[in-house]
Amino acid sequence: MALLDIKNLTLEIDTGQTRVKALDKVNLTVSSGEIRALVGESGSGKSLIVSAISGALPPQWRMTADRLSWRGESLLSMSTEQRRQVMRRDIAVVFQNPVSALDPSATLGQQLEESIPDELVRGNWFWQRGQNRRKIAIGAVHKVGIKHHRHYLSAYPHQVPTDICQKFMIAMALVSQPKLLIADDPTRGMETTTKTQVLKLFTRLNQTKSLSILFVSHDLLAIASMSHTMTVLYAGQTVESGKMKHIRKRPLHPYTKALLDSAPSFRNNLPPKSTLPTLEGTIPPLQHMPIGCRLGPRCPRAQRDCVVTPVQRRIHDHTYNCHFPLHMEKL
Amino acid sequence: MINVLTRYLTLFVLTLLVLAALSFSLAYLFPGDVLTNLTGLTPQNDMQREALARQYKLDQPYVVQFYHYLGQLLSGNWGHSFISGLPLREEIGIAMPATIELATYAMLIALIVGVPVGYYAGMRSYTPIDHTINSVSLFSYSFPVFWLALLFILVFSLELGIAPLSGRVSLLFDIPDATGFILLDILLAEDIDKGLALSDALHHMALPTLAIAIITTAAMIRMTRRSVIDVLGRPYITAARSRGLSRWQIFSRHIVRNALLPILPLMAIQITTLITNAMIVETLFSWPGIGNWLIQAIYQRDYPALRVGMLAVSTLVITLTILVDLFNRLIDPSREKYERATV
């Protein structure tokens, strides 16, 4: 069953004269118990999707969607209170920049303890509850791999390294025992050992507690080993989406292929000192998005038809948006 | 902690030294006799003059003179007034608390009214109620204080007759001067009707306090509102919201403190304006404060009084400013930030 179901999510912003579509009809589903990777270059709108789901969009964005539902209930038509409850218990978000996402004037411990929902705290009297809160917080901190809880729980965000902040964000997200974890680049700025630690934690939680994870990142290597399904985003459009192993074996969209090719670790036959294959050009700026398929100007297979936005096509549970996908050899 | 205290103490002492040097040089810069400007005493004959000059070390180099002057200042020997012949320390000791009292009550009103209203406007930012509060505060912030005080006198004292025109307390009450703060003095006084005296003092106080408070309150509302709006746009508020905290939790745990921190230094700046305003309003209401006293000194060319008065007022302003800044430094955890190497 789909936990989170997003259909044709469009985000627009007014830039004085024109209205720019930062997200153009994005589709995304996260089923229960799966780890879905959301991949795209920086600026492709990954974080915008995260903000849109968590209701944290600044007011100047205009959001429209055919469907944005959580377990069949529409998040768009929900009352503020209902939505708050969903965010409190079911969905947890780890934001991209941990240092600015933590309150600079409160200690990490206070912030962690306030994220614990009241139902999880045992005890009748406030001192018992306070103790219990503290215990839960220490447990959560240990779980994400911070050993010196005494030191870090009473520290302020600016006093600790960035990766500890990031781990605290993860601890704050996990402490409410959510059904879905939305992790926006959760391993950024971490060294490799801690990164593996965190990824292992995610995998374990996914297997033991059947926690669904929407893993947003551009770190293909990390994602490929742990996620079941993948959605690729380019300049605010969904490009391809499907099972991880299918996409890795046979990408259908030229962009996905270029993305996979550009990661050297995915190719075992790469001769030494050869140039990495990349697409010509750069990601277009928001004000100058091409019409139709936004990859158009950079795409090696582009033809005249590409000025019309391709519709989503489907082969089993593998979907792609392309007029000339790779499995159709005729050009 | 010790470091911070030492730094602020050094700053404080150095600033006071510069001020003392300035006030010392005034004795030379003011027209007339240096000895008279410095002591406030007019020597009757040459012998007395020489004795005084020797006493004040005027026959020695400037540095020694200044050193001696500092000693005199610290020991409370500030010279005498030209006009009244009284020691200046006593006169300032009476005038200064009156000003501080006025400024304190105005500041209290500004804090009690301005900060909550500012928070309310900030939380309701860009709604009709916020626009109303904002325009009212802008309107009252733009009043010149002397004009507002005159208007108050015209309306409340002359037209309606509900508040007295001038002074601190009715002359019928004989209140001994213990602390210099009228309300405290009344409470400490022995054989008077305290209720009557208090109500009379409050009547006297209402108009000048209000005249100063309105402007400071408006400034406070605007600062608080701006600060709250800034904090509301920060990522950690968004993050707190996405964790499903209620509006009240977000407000009490994350907004209040973070919005208050940037206001405190601005408040320190407001103190200067506040005391200036208090001094202006005093002259209009004949409030026996330092502003009124300085104006009289200027009219009567009382140079020793001006020299010490300037020093006293600036010392007060600097002390308050540095104290507020120090307080802010001590309670704001993020200001002990040091650069950390990042990967």
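The values are calculated or read from the model by the stated rules, or taken from the named source; none is laboratory data. Computed from a prediction, not measured in an experiment: that's the story for all the values here. Positions of Cβ are backbone-derived with ideal geometry, glycine not excepted, and every protein chain shown enters the neighbour counts.
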message = Could you check region A:231-252 and list, in sequence order, the residues that are surrounded by 21 or more Cβ atoms within 10 Å (Cβ to Cβ), touching a helix residue (DSSP H, G or I) at 6+ places or on another chain (Cβ under 8 Å) and among the aliphatic types (A, V, I, L, M)?
response = A:Val232, A:Leu233, A:Val239, A:Ile247
query = Can you find a residue in region A:207-230 that is free of Cβ contacts under 8 Å to residues at least 40 places away in the same chain, touching a helix residue (DSSP H, G or I) at 6+ places or on another chain (Cβ under 8 Å) and not in a loop (DSSP other than H, G, I, E, B)?
reply = yes
ask   = Taking strands (runs of 3 or more DSSP E) that do not extend beyond region A:1-114, which have at least 2 residues that are within 30 Å of A:Thr208 (Cα to Cα)?
value = A:2-15, A:18-31, A:35-39, A:67-70, A:91-94
inquiry  = All but one of (1) surrounded by fewer than 19 Cβ atoms within 10 Å (Cβ to Cβ); (2) in contact with an Asp or Glu (Cβ under 8 Å, 6 or more places away or on another chain); (3) in a loop (DSSP other than H, G, I, E, B); (4) not polar (S, T, N, Q) hold for B:Leu245; state the number of the condition that does not hold.
reply    = (1)
query = List the pairs whose first member sits in region A:151-167 and is among the small types (Gly, Ala, Ser) and at pLDDT 85 or above, whose second member is surrounded by fewer than 21 Cβ atoms within 10 Å (Cβ to Cβ) and in a helix (DSSP H, G or I), and whose Cβ atoms are under 6 Å apart, counting only residues at least 6 apart or on separate chains?
reply = A:Ser154/A:Gly109
key: Output for region A:179-202, where each listed residue is within 10 Å of chain B (Cβ to nearest Cβ) and under 18 Å from the mean Cα position of the chain (by Cα)   = A:Ile182, A:Gly189, A:Met190
query = Does A:Arg122 qualify as being part of a helix (DSSP H, G or I), away from chain B (no Cβ under 13 Å) and farther than 30 Å from A:Ile223 by Cα?
reply = no
ask   = Just checking, which of B:Ile175, B:Ile215 is more than 14 Å from every other protein chain (Cβ to nearest Cβ), among the β-branched types (Val, Ile, Thr) and surrounded by fewer than 21 Cβ atoms within 10 Å (Cβ to Cβ)?
value = B:Ile175
message = Being out of contact with any Asp or Glu (no Cβ under 7 Å at 6 or more places or on another chain) and outside the structural domain of B:Leu16 (by TED's automatic domain parsing) narrows it down to one residue among B:Ile94, B:Ile109; which is it?
response = B:Ile109
message = Just to verify a result, which residue in region A:91-117, among those that are among the charged types (D, E, K, R) and at the interface with another protein chain (Cβ under 9 Å from one of its Cβ atoms), is surrounded by the fewest Cβ atoms within 10 Å (Cβ to Cβ)?
response = A:Glu114
ask   = For region A:127-165, how many residues meet the condition of being within 12 Å of chain B (Cβ to nearest Cβ) and either part of a helix (DSSP H, G or I) or closer than 19 Å to A:Ser51 by Cα (or both)?
value = 7
Residue, surrounded by the most Cβ atoms within 10 Å (Cβ to Cβ), within region B:100-151, restricted to residues that are within 29 Å of B:Val231 (Cα to Cα) and touching a Gly at 6+ places or on another chain (Cβ under 9 Å) = B:Ser137
message = For the list (1) assigned to a helix (DSSP H, G or I); (2) touching a residue at least 40 places away in the same chain (Cβ under 8 Å), I need the number of the one condition that A:Gln177 fails.
response = (1)
Sole residue being more than 14 Å from chain B (Cβ to nearest Cβ), surrounded by fewer than 15 Cβ atoms within 10 Å (Cβ to Cβ) and among the polar types (S, T, N, Q), chosen from A:Ser69, A:Ser77, A:Ser44 = A:Ser77
request  = Filter the helices (runs of 4 or more DSSP H) completely within region B:125-240 down to those with at least 2 residues that are among the acidic types (Asp, Glu).
outcome  = B:194-232
ask   = Taking only pairs six or more apart or across chains, which ones have beta-carbon atoms under 9 Å, a first residue in region A:20-49 that is among the hydroxyl-bearing types (Ser, Thr, Tyr), and a second residue that is crowded, with 23+ Cβ neighbours inside 10 Å and in a loop (DSSP other than H, G, I, E, B)?
value = A:Ser44/A:Ala235; A:Ser44/A:Gly236; A:Ser47/A:Phe95
note = Counting only residues that are touching a residue at least 24 places away in the same chain (Cβ under 8 Å) and of a type outside the set (Lys, Arg), region A:136-150 contains a total of 7
message = Of everything in region A:287-319, what is in contact with a helix residue (DSSP H, G or I) (Cβ under 8 Å, 6 or more places away or on another chain) and not in a helix (DSSP H, G or I)? Give them in sequence order.
response = A:Pro290, A:Ile291, A:Gly292, A:Cys293, A:Leu295, A:Cys299, A:Pro300, A:Arg301, A:Ala302, A:His318
message = So in region B:225-270, with the set limited to residues that are over 28 Å from the mean Cα position of the chain (by Cα) and more than 25 Å from A:Ile116 (Cβ to Cβ), which one is nearest to the other protein chains (Cβ to nearest Cβ)?
response = B:Gly233
query = Would you say A:Arg88 is more than 13 Å from chain B (Cβ to nearest Cβ), at pLDDT 85 or above and either surrounded by fewer than 18 Cβ atoms within 10 Å (Cβ to Cβ) or on the phi < 0 side of the Ramachandran plot (or both)?
reply = no
